[in-house]
1. Would you point out the residue of the range 443-482, among those that are modelled with pLDDT of 75 or more and part of a loop (DSSP other than H, G, I, E, B), that is farthest from residue 493 (Cα to Cα)?
2. Out of 577, 560, which single residue is assigned by TED's automatic domain parsing to the domain that holds residue 490, within 50 Å of the chain's Cα centre (by Cα) and under 23 Å from residue 456 (Cα atoms)?
3. Would you check which residues across the range 305-354 are out of contact with any helix residue (DSSP H, G or I) (no Cβ under 8 Å at 6 or more places or on another chain), more than 28 Å from residue 179 (Cβ to Cβ) and assigned to a helix (DSSP H, G or I) and list them?
4. Need the failing condition index for residue 278 against (1) surrounded by 18 or more Cβ atoms within 10 Å (Cβ to Cβ); (2) at pLDDT 85 or above; (3) in contact with a helix residue (DSSP H, G or I) (Cβ under 8 Å, 6 or more places away or on another chain), just the number.
5. All but one of (1) over 28 Å from residue 512 (Cα atoms); (2) surrounded by 15 or more Cβ atoms within 10 Å (Cβ to Cβ) hold for residue 585, so report the exception by its number.
6. Suppose we keep only residues that are assigned to a strand (DSSP E or B) and in contact with a strand residue (DSSP E or B) (Cβ under 7 Å, 6 or more places away or on another chain) within the range 182-209. Which one would you say is surrounded by the fewest Cβ atoms within 10 Å (Cβ to Cβ)?
7. Residues to consider are 526, 537, 569; find the one that is surrounded by 14 or more Cβ atoms within 10 Å (Cβ to Cβ) and in contact with a strand residue (DSSP E or B) (Cβ under 7 Å, 6 or more places away or on another chain).
8. Does any residue in the range 492-507 that is over 26 Å from residue 594 (Cα atoms) come within less than 6 Å, Cβ to Cβ, of a residue that is loosely packed, with under 13 Cβ neighbours inside 10 Å six or more places away or on a different chain, and which pairs are these?
């Protein structure tokens, strides 16, 4: 036996072969599953240096480990290359390379995009493409950091659905998925009887070119290959109603979900968890089940891959309750497609796989890529086009899910609030009731806790002209009213019209024992414009106190007084009057307030 030899290593200066063929401006792309595509930019009209810069930036993004790793996202990026090359050639011919693309050109392009679209997808894609360019000016990179957001004044077609529309779309999609599950289950049961050798002897059969096909053998062939043995047999099976074809017309879809049915499944995933298209396109069936099958409700931990997050693209999503049940339905619905692909030597772990009605363009019998083809609108159910059912788009569904559930999904709470929820009219409409309830509660609290009475300058002038009527309104004698106007009844915070009739005294006739802060909650207290400067100084002082005492002490000693005083000031003075009173306060007012806060006025 010859001695073992070590494996040959690449040369010391080895580097990965380039994806770009500079001579013909082509990029050879291979996705993680080994599927390849050549992107040809030779026909793009642009200056050679500019086009070479764009092609190299594109190649950097589609390289192994780059930001675009699926054929669909690579196609979108290639479209961005061609679009930008045309735009710069037509509108900014002075840009001969990406080194000449300054911030002014970027903002001009972005302004044009913002006028034509209500969503930031194109801006986001172009930012990603230019970020791959090594020669782009630093000032342009800084300008690109300004985040593209969904405009606050969106078109009505880009606002969230109403709760009724959202429910109708969800119900229609749910009916379609359930129908597909029942069809596949019924045909699979017939197939299983055939595989077990229990197919009835009198089962329908067809003799074609010396071969006898039964219903079971046709289903077996279909399960292995994804196609019917011949067009004639497909026609014959349909004509005689041999397969359960509820929801579809093509007998090759007897065991597999159609594209429309998987789109409806995607609708349910968006409605339940707010998944976006890139996340759904990357979902796999490799989940971890944390619950006991058959005993507990399903709980699955699902890996989520959101490419736009960069190094933080991978995370876990826990699906429990209805979400866990939906996940199991999704796996069950699409499992026949994965089984067929495995039998055909094309295994995949992707969750979303559907059977094509026809193998157009030699793209295969099964569809596994979804992102690029699902950016528009669709219908949640076969009945929708003819029965007036609701139309949908994934963007609006995802927006609606966050607006209605008040929950961030695969984004931060700040992004969800600022970009999705707050700009939507439904959020303002739903918040109006909460705001009104809060205001009513504040008014009720003010009525319950603030009993001090107030006289404005007009009322003071009326008192001087007709003291008898004013005294009757206040419930005091004319003599007391005159003393009040003369300042003879003033306390450090207000004027007291009945010092010996205090609601805080233990017995009637006793002097008031309460703190002067309590005047704001006493019906014997009256404030006039003369008191406003000192009240404003006291409010400012309490605001300062709040910054230096502990929360527990603030709540215990100051919070209630501060709330009452703020209500009194805000109710009886405008912003301008408060500012004027603050300027009119004197040293005596500040000294009284200082002594009040330091308990120097307690008797």
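The values are calculated or read from the model by the stated rules, or taken from the named source; none is laboratory data. Keep in mind it's a predicted model, so treat the numbers as computed, not measured. Here Cβ is always computed from backbone atoms with ideal geometry, including for glycine, and neighbour counts include all displayed protein chains.
1. The first filter runs over the range 443-482 and keeps only residues modelled with pLDDT of 75 or more, leaving 453-482.
This time we only want the ones that are part of a loop (DSSP other than H, G, I, E, B), so: 455-456, 466, 475-477.
Details: 455: 14, 456: 16, 466: 26, 475: 21, 476: 20, 477: 22 Å.
Here the answer is 466.
2. Selected residue: 577, the only one of 577, 560 that is assigned by TED's automatic domain parsing to the domain that holds residue 490, within 50 Å of the chain's Cα centre (by Cα) and under 23 Å from residue 456 (Cα atoms).
3. 309, 310, 311, 312
4. Of the numbered conditions (1) surrounded by 18 or more Cβ atoms within 10 Å (Cβ to Cβ); (2) at pLDDT 85 or above; (3) in contact with a helix residue (DSSP H, G or I) (Cβ under 8 Å, 6 or more places away or on another chain), the odd one out for residue 278 is (2).
5. All conditions are met except number (1).
6. So in the range 182-209, the residues assigned to a strand (DSSP E or B) come out as 205-208.
Narrowing the set further to residues that are in contact with a strand residue (DSSP E or B) (Cβ under 7 Å, 6 or more places away or on another chain) leaves 205-206.
Numbers: 205: 14, 206: 19.
Here the residue is 205.
7. Values: 537 fails: in contact with a strand residue (DSSP E or B) (Cβ under 7 Å, 6 or more places away or on another chain); 569 fails: in contact with a strand residue (DSSP E or B) (Cβ under 7 Å, 6 or more places away or on another chain).
When all the criteria are applied, what remains is 526.
8. Cβ pairs passing all conditions: 500/509.
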